[in-house]
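The values are calculated or read from the model by the stated rules, or taken from the named source; none is laboratory data. Owing to the predicted nature of the structure, the values given are computational and were not obtained by experimental measurement. Heads up, the Cβs are rebuilt from the backbone with ideal geometry, glycines too, and the neighbour counts pull from every protein chain shown. Note: accessible area is taken over every heavy atom of the protein model, side chains too, but ligands, DNA and RNA are not part of it. Shrake-Rupley method; radii C 1.70, N 1.55, O 1.52, S 1.80 Å.
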Amino acid sequence: NGSLSRAQQASLRDLAEEQRLLADAVQQSSEAFSSGESFQLALAGVRQQMQRAHRSLARNQTDAATQTPQEQAVARLKQLLAAAKSQAEPPGDEGNQQQGPAQPMDGQPEVRSIGELRLLETLQLEINRRTTELEAARAKSGEFTAEQEAELVELAAEQGKLAEIIFN
């Protein structure tokens, strides 16, 4: 981008590298995090957003298209923290609702922890919100950008994984 000085471009390259390193750290954390498939899916989403931000920063972009995935990664991390906190609550904090996985009965899906159920709901709401935003952008411009098409593919994959978690 011609409007950035050399020093600003160097700073931006450093920032892009930091964003990539954060995405790698999330990947390593998710491999060590064994709290369930929904948590793994949420961490994978954080990593995808961080990687999208890294790609934009590496192209010297600092606009809303770069900032949005950064904000989405932060929001997803907050969702993960809230779900982890509610999962760690003592059983009495949620009334008589079940806290841990139950044994499946007669082929019915097992009951998940309250924290995991909340996370699943939050993940679905996030997919819905992002899909609505993409459709609004497409309706406004008449077509998707390459980056929006890539996000749509990621959303479809995430929706499929979420469905698998819920039905398994």
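A compact table of results
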| read-out | value |
| --- | --- |
| Candidate set from region 1-50 (those that are assigned to a helix (DSSP H, G or I), of a type in the set (Ser, Thr, Tyr) and open to solvent by 50 Å² or more (accessible area, probe 1.4 Å)); member that is modelled with the highest pLDDT | Ser11 |
| Filtered residues of region 1-22 (kept if of a type in the set (A, V, I, L, M, F, W, C) and touching a residue at least 12 places away in the same chain (Cβ under 8 Å)) | Leu4, Leu12, Leu15, Ala16, Leu22 |
